[in-house]
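Laboratory data are not the source of any read-out in this text; all were calculated from the coordinates shown. Computed from a prediction, not measured in an experiment: that's the story for all the values here. So basically every Cβ, Gly included, is an ideal-geometry build from the backbone, and we count neighbours across all protein chains shown.
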């Protein structure tokens, strides 16, 4: 009897190893694509809202969506900012699920911060996040989760002067309220600054604890528990307006860009370039996202 049990376990083990290797192989390919997409986005130069580079990035994102057979939705609006009214546009793609009764929404911003004194292309903040989500689309399509996957790309995340009630998060404040009119939301996952070479994900105040538990489980399965910081941080980002609406939110972000102390020495500097981000980190976050969605999908099938 013991021998039979041992042989049964032995037959299962290679499958588990194969599953793990498959995740890594797929994620590495996604990381490679995301790295190339990041280079493409920043090749247009600084892309503050309403700039020519910003409009060209919009067009490129739309082209990528068409390549995947998706239709981009544009939500233009006028933002009242400290420098006057600025034309901005939120973008979204929806990858239909097998049942599509609800949705998981990913939120990232695609503009770069406005600077007069430096040339800021924002490779990590946040071209890398947009690039990764676009690179993941074929996997979302192939996986056919029970839920829809929505990729919402926000404009105007960055403040012009200082983050406060009236400056910053222009797009996400609008989109969060608008999102309540669509299908039920199972989870909102904010993605920002995930290309740092020394990846360390923060725990942002206000996130959903059950989603945090799922993230911990995913990292344990990956044997990368140390990627999640032990401390909580009160970092406001595009996920924050969704938290305020009491939606279940998770935030994937490294806020120690180029150092151990937040926000890191490279944050909001001219050194936020392709040379200072890591394809390996992009691959790691890709695997985290895939495993998170698989876990959410399994929970549906168990219900």
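Observations, loosely collected:
- Of all residues in the stretch 181-195, those satisfying the criterion of being outside any strand (DSSP E or B) and either under 13 Å from the mean Cα position of the chain (by Cα) or buried (at least 22 other Cβ atoms within 10 Å of the Cβ) (or both) are 193, 194, 195.
- Residue 265 being surrounded by 18 or more Cβ atoms within 10 Å (Cβ to Cβ) and either more than 20 Å from residue 88 (Cα to Cα) or over 16 Å from the mean Cα position of the chain (by Cα) (or both): no
- Flag if residue 218 is under 18 Å from the mean Cα position of the chain (by Cα), touching a residue at least 24 places away in the same chain (Cβ under 8 Å) and either within 14 Å of residue 152 (Cβ to Cβ) or not in a helix (DSSP H, G or I) (or both): no
- Subset of the stretch 82-111 (residues that are surrounded by 13 or more Cβ atoms within 10 Å (Cβ to Cβ), out of contact with any helix residue (DSSP H, G or I) (no Cβ under 7 Å at 6 or more places or on another chain) and part of a strand (DSSP E or B)): 86, 87, 92, 94, 103
- Filter result (assigned to a helix (DSSP H, G or I), touching a residue at least 12 places away in the same chain (Cβ under 8 Å) and out of contact with any strand residue (DSSP E or B) (no Cβ under 7 Å at 6 or more places or on another chain)) within the stretch 196-211: 210
- Test: residue in the stretch 226-236 that is surrounded by fewer than 16 Cβ atoms within 10 Å (Cβ to Cβ), assigned to a helix (DSSP H, G or I) and touching a residue at least 60 places away in the same chain (Cβ under 8 Å): no
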